[in-house]
Amino acid sequence: MVSDGRPPRTPPRPPQSRAHRLQRLRGEGLKPPVQGQDGAGPTPNAVVDCGWGRLLFAQTFEAADPLVEALRAEGPDRRDIAFYVRKPHVLLASAPQELFLDPSDTFRLELATYQSSRRQPRGFTVRRLTSVLDAEAINDIYAKRNMVPAPPEFLWSRRDDRTLTYFVAEDTTTGRVIGTVTGVNHMRAFADPECGSSLWCLAVDPQATQPGVGEALVRRLAEHFGTQGLAYMDLSVMHDNEQAIALYEKLGFRRVAFFGVKRKNPINEALFVGPTDDHDLNPYARIIVNEARRRGIHTEIVDAEGGLFRLNWGGRTVRCRESLSELTSAVALSICDDKRMTRRIVEAAGVRVPERIDPDDPSAIDAGLEAHGSLVVKPARGEQGQGVAVGLKTMGEVQTALTRARRICSQVLIEEQVQGEDLRLVVIDYKVVACALRRPPRVVGDGRSSLRTLIEHQSRRRAAATDGESTIPMDSETDRTLAEAGYKLDDVAPDGVEIMVRKAANLHLGGTIHDVTEEVHPALIRAAVAAARAIDIPVTGIDLMVKSPREADYAFIEANERPGLANHEPQPTAERFVDLLFPLSAPTSARTAPRTEA
């Protein structure tokens with residue numbers, strides 16, 4: 001296996017007989033299959049613990065009852081899967097109140113005829129799990145993808161396991177893990193007479209900029225199992241996951257008639273309760289509704305398109321629009337709505353704000369450019385980054401940005417551009433519960449594709465990761481940012497070169513978000529809480545420009561009255577929001593735990 005983690009291109013192997021495969025595996029020290037009535041058979045009642053839950057290989061259970069009992073042994077907050085169920089109707093009839101048929105399709109890749117790719121990964125490598133940090137990074141990606149976590153210590157303890165195989169994709173520039181996949185060797189798991197294998201937990205960090213990460217992980221696992229002489233690799237994918245299915249079909253997978261069965265537990269609820277009235281909610285409303293329903297709080301969707309819903313519990317009713325609730329006063333809302341007023345209010349509370357420049361005074365603009373080097377223009381009212389221009393260095397750029405901003409709002413602001421990174425702090429009940437760096441969208445050149453193609457690919461990935469909430473516009477601001485880097489949309493960037501395509505770090509415009517809650521300097525926490533108290537707003541997203549989240553230097557940018565809580569997983573933003581609305585609905589342990597003020 002090559003040292004850089006890239007699989008070599010190999011010609012297709014001639015099909016091997018079952019006898020050849022078994023002989024090879026015996027030569028590697030594996031016990032032969034348990035003998036059954038037909039001469040050979042798998043280990044009975046085979047179960048493999050994967051950390052996030054167990055795989056129960058249904059074909060190894062002689063009857064439905066023992067399989068039902070095995071499923072009943074599912075641990076708390078785990079997701080067990082009975083796989084290869086050939087007669088799901090029989091199994092479900094044994095426990096119809098406890099089990100349900102998983103709405104997923106099973107796909108199979110025949111490894112003997114699999115064709116590897118000549119195209120090597122660009123900007124990342126694929127390798128085995130090699131450290132505890134890798135295990136923690138895998139779990140972080142699971143959280144971002146709303147997958148059931150596996151304890152990092154479990155993943156690390158299985159690093160040399162011959163049954164479970166973990167591959168990760170590593171960014172060659174940052175060393176950050178940006179994707180992961182798990183493989184199960186059925187021959188080693190339960191002496192599978194069919195010499196099969198399966199793929200699980202394919203996940204790519206939604207912030208990753210490199211194309212082809214998922215494909216590279218699938219290919220690497222297929223080639224790994226192919227070298228072990230296994231016959232096929234199966235996987236289970238949700239029936240409506242069109243993007244994933246398109247990838248698998250491209251690689252040569254075909255559908256096979258096997259089924260999965262799971263328990264009716266809170267983790268699986270969305271899969272077995274049937275259609276609900278929240279399917280049109282955006283992620284920012286849905287994360288709150290899901291948390292409320294998990295606690296038994298009655299939810300009513302008032303207007304899905306607008307993210308408006310009503311929560312009722314214990315005789316108390318609260319209406320919300322995403323994270324904006326009736327607890328936020330109209331006065332606080334109006335302060336956040338007018339960025340000029342927001343500046344004045346928080347500055348009076350001792351929070352540092354950037355220098356403001358009169359947009360109607362050309363001499364003041366010239367002086368600002370000379371003093372600060374670059375300026376920021378934004379509408380006094382507006383959201384989702386519309387009309388915001390960053391890094392303006394000439395009078396012409398400023399005037400063009402002013403014209404564009406005034407289309408959003410007649411009143412505009414010009415401020416000094418404070419150098420650094422955009423830090424969002426979510427403040428709920430005057431306590432900071434999540435902190436994240438927001439970074440402008442970037443693409444990484446591959447030496448083949450135009451920047452237009454790379455931006456379109458990255459935009460599709462951001463849209464898929466956010467239910468369509470985040471895309472990268474192709475507009476004059478994108479053109480200006482590329483031109484400053486010396487490129488046009490139809491240029492091809494060199495392999496491995498990272499290019500910023502917009503300067504504003506707004507998530508709705510393709511930006512990415514990176515959790516830094518555990519490393520934020522206390523001075524930044526105090527500034528965020530002070531700003532929230534000055535506005536007198538119980539839930540807000542405070543944006544600061546910082547040199548580093550670990551340092552005390554900052555400048556206040558703005559306060560958002562409706563922060564997107566779904567952007568901050570794995571931090572418990574939705575939980576703390578529902579705690580604020582319905583304190584007694586929180587678990588007893590959470591209500592009685594000591595609370596630390598910022």
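The values are calculated or read from the model by the stated rules, or taken from the named source; none is laboratory data. All of these numbers come straight from a predicted model, not from anything done at the bench. Quick reminder, even Gly has a Cβ in these numbers, built from the backbone with ideal geometry, and neighbours come from all protein chains shown. Just so you know, the surface numbers come from the protein's heavy atoms only, side chains and all, with ligands and any DNA or RNA stripped out. Shrake-Rupley method; radii C 1.70, N 1.55, O 1.52, S 1.80 Å.
If you go through the range 94-103 one residue at a time, do you hit one that is among the small types (Gly, Ala, Ser), open to solvent by less than 20 Å² (accessible area, probe 1.4 Å), touching a helix residue (DSSP H, G or I) at 6+ places or on another chain (Cβ under 9 Å) and touching a residue at least 60 places away in the same chain (Cβ under 8 Å)? Checking the range 94-103: not a single residue is among the small types (Gly, Ala, Ser), open to solvent by less than 20 Å² (accessible area, probe 1.4 Å), touching a helix residue (DSSP H, G or I) at 6+ places or on another chain (Cβ under 9 Å) and touching a residue at least 60 places away in the same chain (Cβ under 8 Å).
The condition of being touching a helix residue (DSSP H, G or I) at 6+ places or on another chain (Cβ under 8 Å) and more than 26 Å from Val168 (Cα to Cα) does not hold for Tyr114.
Please go through the range 154-177 and give me each residue that is touching a strand residue (DSSP E or B) at 6+ places or on another chain (Cβ under 6 Å) and small (Gly, Ala, Ser), ordered by number. Scanning the range 154-177 gives a single hit, Ala169. Picking from residues in the range 167-182 that are of a type outside the set (A, V, I, L, M, F, W, C) and buried (at least 24 other Cβ atoms within 10 Å of the Cβ), the one that is nearest to Gly468 (Cα to Cα) is Gly179.
Of all residues in the range 118-141, those satisfying the criterion of being over 20 Å from the mean Cα position of the chain (by Cα) and open to solvent by 30 Å² or more (accessible area, probe 1.4 Å) are Arg118, Arg119, Gln120, Arg122, Arg127, Arg128, Thr130, Ser131, Val132.
Contact map, the range 318-346: residues that are closer than 14 Å to Pro379 by Cβ and without any contact (Cβ under 8 Å) to a residue 12 or more places away in the chain paired with residues that are open to solvent by 10 Å² or more (accessible area, probe 1.4 Å) and assigned to a helix (DSSP H, G or I), Cβ distance under 7 Å, separation 6+ or inter-chain. Pairs shown: Met341/Ile335.
Does Leu235 fit the bill of being open to solvent by less than 30 Å² (accessible area, probe 1.4 Å), within 16 Å of Glu575 (Cα to Cα), at pLDDT 90 or above and not polar (S, T, N, Q)? Walk me through it before giving the result.
Working: open to solvent by less than 30 Å² (accessible area, probe 1.4 Å): yes; within 16 Å of Glu575 (Cα to Cα): no; at pLDDT 90 or above: yes; not polar (S, T, N, Q): yes.
Criteria not met by Leu235.
Could you run through the range 390-412 and say how many residues are buried (at least 23 other Cβ atoms within 10 Å of the Cβ) and closer than 19 Å to Arg343 by Cα? Reasoning before the result, please.
Here is the first cut: in the range 390-412, the residues buried (at least 23 other Cβ atoms within 10 Å of the Cβ) are 392, 398, 401, 405, 412.
Subsequent filtering for residues that are closer than 19 Å to Arg343 by Cα retains 405, 412.
Number satisfying all stated conditions: 2.
Search the range 495-509 for residues being among the hydrophobic types (A, V, I, L, M, F, W, C) and open to solvent by less than 30 Å² (accessible area, probe 1.4 Å), and hand back the single one that is nearest to Gly445 (Cα to Cα). Here the answer is Ile499. For the range 59-86, filtering for residues that are touching a residue at least 24 places away in the same chain (Cβ under 8 Å) and of a type outside the set (Lys, Arg) leaves 16.
If you go through the range 456-465 and pick out every residue that is closer than 22 Å to Glu569 by Cβ, open to solvent by 20 Å² or more (accessible area, probe 1.4 Å) and not small (Gly, Ala, Ser), you end up with 2. Pairing each residue of the range 495-511 that is within 12 Å of Thr481 (Cβ to Cβ) and touching a residue at least 60 places away in the same chain (Cβ under 8 Å) with any residue that is basic (Lys, Arg) and part of a loop (DSSP other than H, G, I, E, B), provided the two are 6+ apart or on different chains, yields C-beta distances under 8 Å for Leu509/Arg502; Gly510/Arg502.
Matching residues to (1) under 30 Å from Val501 (Cβ atoms); (2) assigned to a helix (DSSP H, G or I); (3) modelled with pLDDT under 90; (4) out of contact with any Leu (no Cβ under 8 Å at 6 or more places or on another chain):
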| site | (1), (2), (3), (4) |
| --- | --- |
| Arg344 | no, yes, no, yes |
| Glu347 | no, yes, no, yes |
| Val353 | yes, no, no, yes |
| Leu369 | yes, yes, no, no |
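All of (1) within 24 Å of the chain's Cα centre (by Cα); (2) in a helix (DSSP H, G or I); (3) modelled with pLDDT of 90 or more hold for Gln399 with one exception: (1). Applying the criterion of at least 3 residues that are over 21 Å from Arg263 (Cβ atoms) to the strands (runs of 3 or more DSSP E) found wholly in the range 54-150 leaves 104-110, 124-128.
Among the conditions (1) buried (at least 17 other Cβ atoms within 10 Å of the Cβ); (2) at pLDDT 90 or above, Gly387 misses just one, which is (2).
Just wondering, is there one or more residues in the range 300-316 that are over 33 Å from the mean Cα position of the chain (by Cα), among the β-branched types (Val, Ile, Thr) and over 19 Å from Asp422 (Cα atoms)? Within the range 300-316, none of the residues are over 33 Å from the mean Cα position of the chain (by Cα), among the β-branched types (Val, Ile, Thr) and over 19 Å from Asp422 (Cα atoms). When we screen Ile335, Ile301, Ile288, Ile267 for residues that are modelled with pLDDT of 90 or more, within 29 Å of Trp52 (Cα to Cα) and surrounded by 13 or more Cβ atoms within 10 Å (Cβ to Cβ), the only hit is Ile288. One residue alone among Ile288, Ile245 is out of contact with any helix residue (DSSP H, G or I) (no Cβ under 8 Å at 6 or more places or on another chain), of a type in the set (A, V, I, L, M, F, W, C) and under 25 Å from Gly468 (Cβ atoms), and that residue is Ile245. Within the range 342-360, if we keep just the residues that are open to solvent by less than 50 Å² (accessible area, probe 1.4 Å) and out of contact with any Lys or Arg (no Cβ under 8 Å at 6 or more places or on another chain), the residue that is farthest from Arg533 (Cα to Cα) turns out to be Pro359. Here the range 528-543 is the region considered, the condition is being open to solvent by less than 20 Å² (accessible area, probe 1.4 Å) and touching a helix residue (DSSP H, G or I) at 6+ places or on another chain (Cβ under 7 Å), and the residue that is nearest to Glu561 (Cα to Cα) is Thr540. Restricting the first member to the range 468-494 and to residues that are modelled with pLDDT under 90 and open to solvent by 50 Å² or more (accessible area, probe 1.4 Å), and the second to residues that are among the β-branched types (Val, Ile, Thr) and in a loop (DSSP other than H, G, I, E, B), the beta-carbon pairs closer than 9 Å and six or more apart or on different chains are Ala485/Val501. Screening Ser410 with (1) in a loop (DSSP other than H, G, I, E, B); (2) within 30 Å of Asp171 (Cα to Cα); (3) of a type outside the set (A, V, I, L, M, F, W, C) gives one miss only, at (2). Inspection of the range 200-222 identifies at least one residue that is free of Cβ contacts under 8 Å to residues at least 60 places away in the same chain, open to solvent by less than 40 Å² (accessible area, probe 1.4 Å) and closer than 24 Å to Gln59 by Cα.
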